[in-house]
Structures are given as structure tokens and as C-alpha cells.
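The values are calculated or read from the model by the stated rules, or taken from the named source; none is laboratory data. All figures in this text were calculated on a predicted structure; none of them were measured in a lab. No Cβ is skipped: glycine too gets one built from the backbone with ideal geometry, and neighbour counts run over all protein chains shown. Heads up: the accessible areas ignore ligands, DNA and RNA and are worked out on the full protein's heavy atoms, side chains in. Shrake-Rupley method; radii C 1.70, N 1.55, O 1.52, S 1.80 Å.
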Amino acid sequence: MKTATLLLLFAASILSAARSETKSTTTLQVQALRLNETIAVDGVLSEAVWQNGGGISQFKQRDPNENAEPTEKTIVHVAYDDAALYVAARMFDSAPDSIIARLGRRDAQLTSDMFGFFVDPYYDRRSGFYFSLNAAGTMYDGVLYNDEWDDNSWDGVWEGKAKIDAHGWTAEMRIPYSQLRFQKKEQLVWGVNFRRDIARRNERNYLVFTPKNGSGFVSRFVDLVGIENIAPPRRIEALPYVIAKAEYLPHGPDDPFNDGSNYTPGAGADFKIGLGNNLTLDATVNPDFGQVEVDPAVVNLSDVETFFQEKRPFFIEGSTIFEFGNGGSRSNWGFNWGNPSFFYSRRIGRAPQGSVPDADYASAPLGTTILGAAKLTGKVGNNWNVGTLHAVTAREHAKLQNAGQTSRSEVEPMTYYGIARAQKEMHGGRQGLGFLSTFSKANFADDRLRDEINSSALGFGIDGWTFLDSSQTWVLNGWTGISQMRGNPTRMLALQRSYRHYYQRPDAGHVEVDSTATSLSGYAGRIALNKQKGNVMFNTAFGFIDPGFDVNDMGFQWRNDVLNAHIAGGYKWTKPGKVFRSAQMLGALFQSNDFEGNKIWQGVWQSGFFEFLNYYSLQYNFAYNPQTVSNRRTRGGPLTLNPPGWEVGLFASSDSRKAWVMSFNSFAYTRPNYGGEKNLGLSLEWKPAANVSVSLNPSVYWNREFAQYVEELDDPLATATFGKRYVFAELNQTEFSAGIRLNWTFTPRLSLQFYGQPLISSGDYHDYKQLARPKSYDFLPYATDRSDDFNFKSLRGNAVLRWEYFPGSTLYFVWTQSRSDYENLGEFQFNHSVDRLVDTRPENIFLLKASYWLGL
């Protein structure tokens, strides 16, 4: 009842705040001309429509000198025919030999002269698309949303060419209407904007720009007029593909399931179908994502799951529709707060969750097969943004052999995953209200898995925002939601005792284990106030996550049982001075309690950022945390104390325009008399040619943990700690890692990428101890002959040759290698570890994938 009331009150507060819509006051317009000739998209601009003396050129600087006249002139023309929109831009330059033209693969972040076209074809002044070309012809595209945010995961099928000449350089684009979303009208009015970057001056010019102390981007677009009698086309696209994969894996001499090699052909297809003018259905059958970059190796000694970014194209493209809880505000601050994500798409196709029975030999799949997935996104009705995704994963089995007899055991049930999202923006984006719902359901064939995996999971939430004043300076946004997990009593008992809940804590009066439960439910929410404009910054928020809240079957959350609040502010200087080009100072106070009132974290934080006139930058941060209480250190045991600690961080970077770019970062956290941790990192990028870049990012991490959790043991004599001994040790951990990356781009459509990540991590456990008493940081010696020392080494990497041989059609050749080694050795020995890695037999995977785009 409490949760339902919260949901209703939140929705009512958004609806009651509705105000009348305000429209753009700008009178500037861009005129589109109908073509009566064929355009050759070659960057030459020889067609008559580009030579008519018209065009628009009223650009203004945003950087480095806000609202100043550009140092070079730009003229842009827009034309159209029955099939596509055309954009041509002439970028005059007084020194064409100084144009920076760096070639990279699509969407690569490069310091280069660039031209960008932004369009809001639905004319909602909140969303849209962007298409860009740099002076070397590198293509960029993506979507715009929440007025100011962008997402480059969308890859449209369009044409674009750039050319450098004696007058500067030119850009020419052809964007089919099938790649845009707009309403059917006789006369269309769209919002548009243009951008030109002059890299050698770090100059960024726009037709209309967002002031450095302002907000809003899409809402400032000027009108594009003149497009008449254009009908949204039928949108049907198919992307069939075939793959061939060869795997060469380490294996034992008598392993019946692995002889060291495996050859797998495959085929599948992706589909994109327009349903009406504003909805798009994306579907995939037997998807393969072998071309994506491998995840980095990690050593996780905490009780919290490691979060990995989604990299699979089907799930990242258009994923912004499923973002929840942060709409309306341009900035969402958090201190010791991890916003739970209701939808974490990597749950679909994850590694099997079930245990593998003991056997002489066993082989389990590394991931779950996605049989099929589909998502529907777009706009319906009166400005409702909608999205829904559905996926089914296959039943997976481990192959077993005992005493020569082969069998199978289910390790993952067939599972359905579904998510639905809708959000309505009202009164020109001044208010928004939406909901999101997730549901997963497992179909078990082996009842053994019912004790290990939830049978179903449900999540539901409402979010929204409202601006509090007519100038849209202050915005209030937030969300609230509920969750429910279901399973048999054995599974629910394990869930209550898991790291996200720890209901078994012996000194917790607000939670307790229920061994008969067949479900677990909870609620959560957050509300925030943000100042959107001006040099003075302000943000405050309050959030809560109930002990029973859990969306981890389809989402991701770090913790629960928390009430968190902060108040933060600062000041930013946006006009260049004698030393700094820009600067800002920030500060915050924050605190977290659990639902029993224990203060589990608290602190004061301060940070500063300075950009110098030479485009070097420096950033620092400082924090102090007084003594608080930990309800997680014993991992389900009694409370302990967190000693006070200090944090300091420093980051510096050089001018990104140079051939050599360097940055440095450092971090240190110390608890006087109780150890601490520190990290040093360096980033080097070398650009030996306009189409080649090499980067190296080495990092060293040291952790001197005074009380690293080891284990929990039953002992009736340990009355001071509720009949259990909570064993800890001092830990000296040293870790070296690096990211090595090569980008070699031959043409805008042909590129080679290599990424490698070595990791060496060692941990020396010593001085074992046991917790002396609850709610303390006192320990007693503990005698043991166990050894938890470790030395883990890993090398992961992949190389991807990508050729877009036809717009939307791609050929990939991928090589992935991984090798790892483990020793029960606590000393960090770099040379020894490298030798062991070199001698370790690697896993090698070679994949050839060819796709062909069909526009029907």
C-alpha cells in the first residue's frame, strides 16, 4: 500500500505542474530547395542547386569565444527530392594546408575539422538525429534525446563525402527519408542546426548553440521550411549474415568434449520494419556478436558483481528509449549512490546460472544462446515515446562424463525476457511522465535448477520531471518503483542471504530470514532538484532502496537497504581570462543510512577543474569520510565500524590537437593506522599519420587492506559474535594492467583495430584475525594454516578488420586471443608473471562474418 501511494503521488505531482508550451523565439529559418537534377554525392558541389548563391552562413562561435564571429566562413545548402534530403557545406579556410583531416572508422573520436548536421524531423524539440563528416571523410551519426543528450550507437544507411581544395573543404550528404522519422504532412517543418569545427584553433561554430552557462540544444533549433509533398517511405530493411568460426582451445589429453579445435558455421538475420510513420520493429534471429570487443579481465575481491558495458549492436542501438529516471535534468549527481538499472541487457545471453554436477569431465557453454529477439520503438499518439523488447534464450546443457558414461545436465532453463517503456513529454518538454516494466520467466526442465534460479522476476517504475519556472532554470525529476522475485523456498532463502540483501545479519532488527517465503518484494525511488542554467550550480537529491528491492534478474543494482541524500553546488567560469580558458569549483555534503538508522557512509567532497589557455587541463578532488558503520564487511554478519578516511585525486591532460597526447591520473584513499589504496595511471596517444593512432594506458594499483574478509565459521563458543567467527586478514595487493590500442583506417569504410589488455594481480594474505565484537573495528588473532595468496595473470585481445563494402553491408575478419595463469603466490613478480603468460597455451578464435543490407 505504501508503494502504491508513492507511485500515485509522484505521478500526480508531475501532472499537476503542467504549464503552457513556450515556442522558440528565433526568426532564423533554413530554406530547403526541391531538386530538378541528380546529385552525385562526391563532395565536389558542382550541381546548380549548390551554386545558386543562396545558403545560410550566420554561424556563431561557441568555443573558444562564445558568441564571437567565426574565424572562417561557412555556407550550408539544403535540398530534397522524393527520396532523400541533401546537405552541402562549403567550409572556407584561409590556410587549407592547415586543415586537420584525421581518418578513422565510423564514429571514432578524433581531433579533426568537422561539419555536422542536426535534424529534428518529428519537430518535438526534444529529439532527433545527427549526421557528420570530418575533412578526411570519416562518418558520424547518432540520435538526440532529452534535449541535450546524444547516442552514437545508431548507424544509419546514408552517403557522405568530403573533399579538401584550394578554398578550404566541402562536405556533401544524402540522407534517405527511410532513415528519419516524421509525420505525413503536405508542408513539413523540421528543426535543424549545423556545426563546424576548426580543429587547429579548437573552434566550434554553430548556427544556434547552447550557452556555456545555459541548457537546451534541440529546443533551440531553427526551422527548416520548404519541404512539400513528401510521404514517409515504406521502411523495410533486412540484414542477413553468414559466419564461419574456428576455435583452437587448450585441452586435456583425454578430454572427450574438447580435442583442441572446433569449427562452427552459422547464419542469421536482422530485420528493421517501419510500422506506420513513427514506429520501428527491429528483430534478430540467431544473432552472433563475435565482432565485438572482448571484456577486460578483472580481479574482484568484493561482494558486489562487476559491471560490464553492453557492446552488442542489437542491444545498444536505440537503447536510450529504455533509460529510466534521469529525464528532464541535464545533470544527475550522486555520492555513494548507485542508481539501480531496471534493464541491463547483458542479462540476455549471459553465462548459464546453474551449477554443473561433479563429473570426471564436464563442458558447459560460456553463454546462453539467444533464439530470437525483437524490439519496437518510436512515437505514438500525442507525443508518447514507446519501446518494448522481447527475447527468448535457449535451454542450455552441460555435457558430463563419469566412468566413461556420457550424459547431459541442464544448467540454464529456457527463459523469456520482456521490457515495456512509455514516456510522454508535455508542454514543449516542460513536463514528462513515464513508466517502465520488466518481466522474466524461466521454464525449467530439471527441477534441480529451481533451487538455484528464480522462476520469475517483475519490475515496475514511474518516472518524470517538471520544470519549476518559466525560464526552465530549475527542474525537479525523479522515479519510484517496485520489484518482486519468485521461486521455491530454497531459492528464496538463498536470495535473502545473498550479497544484495543479507537478511541473516544477527544484529539487524529490521530484516529477518523467512525460510518459507516463495517471493521477495521491495520498493525504491529517488527525487532530485537541479539548477540547469547560470554560472552558479546546485543539485540536491534524496534516494531510498528498500532491503527487499531487487531487479537483478533483468537489471543491475549494486546494493539496497539504503537511504541516501546529498546537497551540492559550485561555480563555473566560462569566459577566458589571463591564465584559464575555463574553470569550475564544486563541493558537496552527503550521507547514507540503512533502514534501521545506522549511518553507513558520510562525507564532504570538493573538486576543481581548470582548462589553461593552451588547452592543457588539470582536475583535482578531495574528500573526507568520518567514522561510520558497515553493514556489509562481515557479509551477512554483525555490524562493524568504518574508520575515518581521506581521499585525494588528481588528473591532468595535454592538448588533444597534438601528435602526442598524454594524460595522467592518480588516486589515493587512506585510513590512518588502517591502510588504504592508491592508483597511478598514464595515458599516451601517438598519431604518427592522419589515419593511424596508437594508444597505451598503463595503470598500477596498490591496496593495503587492514581487514579483508576471508570466511565465516560456526562456533558455539563465539558468543560475542553470535555463535560465528568472522575471519579476516590483512591484504597486500598489487595490480598492473594496461590497455593497448591500434587504429589503422585505410578508407572511411575499411579499417583495422587491435585491442590488448594485460593484467597481473597478486595478493598476499597475512595476519589472520577474527572480529572481536559487533559494531567495532577490533580484532583478535586467529590461528590458521590456510593460504589465500594469489597471483593471477591474463592477456586478452582481439583484432578486427572491418570493410563496409556497400552502405550498410559489412565484412568482418576477427581474431580473438586470451590466455591466463594462476598461482598460489602472493608476491608481485612482474618478469616471472610475463614469462608464465608467454608459456601459457592460448585460446584462439578466428571468425569471418559477412552481412548484406537490403532496403526493400
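Tally up the residues in the range 520-534 that are open to solvent by 40 Å² or more (accessible area, probe 1.4 Å) and either over 21 Å from F324 (Cβ atoms) or of a type in the set (A, V, I, L, M) (or both), please.
Matching residues across the range 520-534 total 4.
Do we find that D288 is closer than 24 Å to G367 by Cα, surrounded by fewer than 18 Cβ atoms within 10 Å (Cβ to Cβ) and of a type in the set (D, E) in this structure?
no
Pick out the one residue from V661, V579 that is surrounded by fewer than 18 Cβ atoms within 10 Å (Cβ to Cβ) and not polar (S, T, N, Q).
Unique residue meeting the criteria: V579.
Given the options V692, V710, V700, name the one that is closer than 21 Å to F754 by Cβ and among the hydrophobic types (A, V, I, L, M, F, W, C).
That would be V692, the only listed residue that is closer than 21 Å to F754 by Cβ and among the hydrophobic types (A, V, I, L, M, F, W, C).
Condition first: in contact (Cβ under 8 Å) with a residue 40 or more places away in the chain, among the basic types (K, R) and touching a Leu at 6+ places or on another chain (Cβ under 7 Å). Can you find one or more residues in the range 319-335 that meet it?
No, the range 319-335 contains no residue that is in contact (Cβ under 8 Å) with a residue 40 or more places away in the chain, among the basic types (K, R) and touching a Leu at 6+ places or on another chain (Cβ under 7 Å).
Test S751 against the criterion of being out of contact with any Lys or Arg (no Cβ under 6 Å at 6 or more places or on another chain) and either among the hydroxyl-bearing types (S, T, Y) or open to solvent by less than 20 Å² (accessible area, probe 1.4 Å) (or both), and give yes or no.
no
Within the range 240-258, how many residues are in a strand (DSSP E or B) and either touching a Phe, Trp or Tyr at 6+ places or on another chain (Cβ under 6 Å) or not small (G, A, S) (or both)?
Here the count works out to 8.
Could you list, ordered by first residue, the pairs with Cβ atoms under 8 Å in which the first is in the range 162-181 and on the phi > 0 side of the Ramachandran plot and the second is open to solvent by less than 10 Å² (accessible area, probe 1.4 Å) and in a strand (DSSP E or B), at least 6 apart or interchain?
G168/M91
Spot the failing condition for W601; the list is (1) modelled with pLDDT under 95; (2) touching a Ser or Thr at 6+ places or on another chain (Cβ under 6 Å), and only one is missed.
Answer for W601: the failing condition is (1).
Note down all Cβ pairs under 9 Å where the first residue falls in the range 717-731 and is farther than 13 Å from T640 by Cα, the second is part of a strand (DSSP E or B) and at pLDDT below 95, and they're at least six residues apart or on different chains.
Note: pairs meeting the criteria are E730/G675; L731/G675.
What single numbered condition from (1) closer than 26 Å to T377 by Cβ; (2) in a strand (DSSP E or B); (3) under 29 Å from the mean Cα position of the chain (by Cα) fails to hold for G216?
(2)
Count, please, the residues in the range 382-422 that happen to be under 30 Å from R125 (Cα atoms), assigned to a strand (DSSP E or B) and not small (G, A, S).
Within the range 382-422, residues that are under 30 Å from R125 (Cα atoms), assigned to a strand (DSSP E or B) and not small (G, A, S) number 8.
Could you list, in sequence order, the residues of the range 440-495 that are more than 27 Å from the chain's Cα centre (by Cα) and among the polar types (S, T, N, Q)?
Selection gives N443, S455, S470, S471, Q472, T473, N488, T490.
Here is a list: L825, L811, L780, L795. Which entry is modelled with pLDDT under 95 and either surrounded by 15 or more Cβ atoms within 10 Å (Cβ to Cβ) or assigned to a strand (DSSP E or B) (or both)?
Exactly one of L825, L811, L780, L795 is modelled with pLDDT under 95 and either surrounded by 15 or more Cβ atoms within 10 Å (Cβ to Cβ) or assigned to a strand (DSSP E or B) (or both), namely L825.
Going by the conditions given, is E611 over 28 Å from the mean Cα position of the chain (by Cα), at pLDDT 95 or above, of a type outside the set (K, R) and open to solvent by 30 Å² or more (accessible area, probe 1.4 Å)?
no
Out of (1) open to solvent by 10 Å² or more (accessible area, probe 1.4 Å); (2) under 28 Å from the mean Cα position of the chain (by Cα), what's the single condition that is false for K161?
It fails just one condition, (2).
I'm trying to understand the selection: among the residues of the range 241-269, which are under 30 Å from T388 (Cα atoms) and open to solvent by less than 50 Å² (accessible area, probe 1.4 Å)?
Listed by number, the residues that qualify are Y241, I243, G266, G268, A269.
Which residues, taken from the range 207-227, are in contact with a strand residue (DSSP E or B) (Cβ under 7 Å, 6 or more places away or on another chain), open to solvent by 20 Å² or more (accessible area, probe 1.4 Å) and either closer than 18 Å to P70 by Cβ or among the charged types (D, E, K, R) (or both)?
Residues satisfying the conditions are V208, F209, D223.
Evaluate the range 94-103: report whether one residue or more is of a type in the set (V, I, T) and either open to solvent by less than 10 Å² (accessible area, probe 1.4 Å) or more than 29 Å from the chain's Cα centre (by Cα) (or both).
There is at least one residue in the range 94-103 that is of a type in the set (V, I, T) and either open to solvent by less than 10 Å² (accessible area, probe 1.4 Å) or more than 29 Å from the chain's Cα centre (by Cα) (or both).
Kindly list the number of the only condition in (1) open to solvent by less than 20 Å² (accessible area, probe 1.4 Å); (2) at pLDDT below 95; (3) in a strand (DSSP E or B) that fails for G327.
Here G327 meets the rest and fails (3).
What are the residues in the range 402-456 that are modelled with pLDDT of 95 or more and basic (K, R), if any?
R408, R421, K441, R448, R450
When you scan the range 332-362, how many residues do you find that are open to solvent by less than 40 Å² (accessible area, probe 1.4 Å), closer than 26 Å to D446 by Cα and out of contact with any helix residue (DSSP H, G or I) (no Cβ under 6 Å at 6 or more places or on another chain)?
5
What is the one condition in (1) under 24 Å from A659 (Cα atoms); (2) in a strand (DSSP E or B); (3) open to solvent by 20 Å² or more (accessible area, probe 1.4 Å) that T111 does not satisfy?
So T111 meets the others, but not (2).
Sort through Y782, Y755 and tell me the only one that's hydroxyl-bearing (S, T, Y), touching an Asp or Glu at 6+ places or on another chain (Cβ under 8 Å) and either under 29 Å from F830 (Cβ atoms) or touching a residue at least 24 places away in the same chain (Cβ under 8 Å) (or both).
Y755
Taking interchain pairs and intrachain pairs at least six residues apart, which have beta carbon atoms under 6 angstrom, with the first residue in the range 472-494 and more than 22 Å from S341 (Cβ to Cβ) and the second among the acidic types (D, E) and surrounded by fewer than 22 Cβ atoms within 10 Å (Cβ to Cβ)?
T490/D451; R491/D451
Look at Y140 and say whether it is surrounded by 18 or more Cβ atoms within 10 Å (Cβ to Cβ) and closer than 21 Å to K424 by Cα.
no
Among (1) within 35 Å of the chain's Cα centre (by Cα); (2) at pLDDT below 95; (3) more than 15 Å from N193 (Cβ to Cβ), there is one condition S24 misses while meeting the rest; what is its number?
All conditions are met except number (3).
When only residues in the range 244-267 that are hydrophobic (A, V, I, L, M, F, W, C) and under 35 Å from the mean Cα position of the chain (by Cα) count, which is nearest to N844 (Cα to Cα)?
Among those residues, the one meeting the criterion is L249.
Go through the range 277-294 and count every residue that is touching a residue at least 40 places away in the same chain (Cβ under 8 Å) and either touching a Cys at 6+ places or on another chain (Cβ under 7 Å) or assigned to a loop (DSSP other than H, G, I, E, B) (or both).
Looking only at that region, the number is 9.
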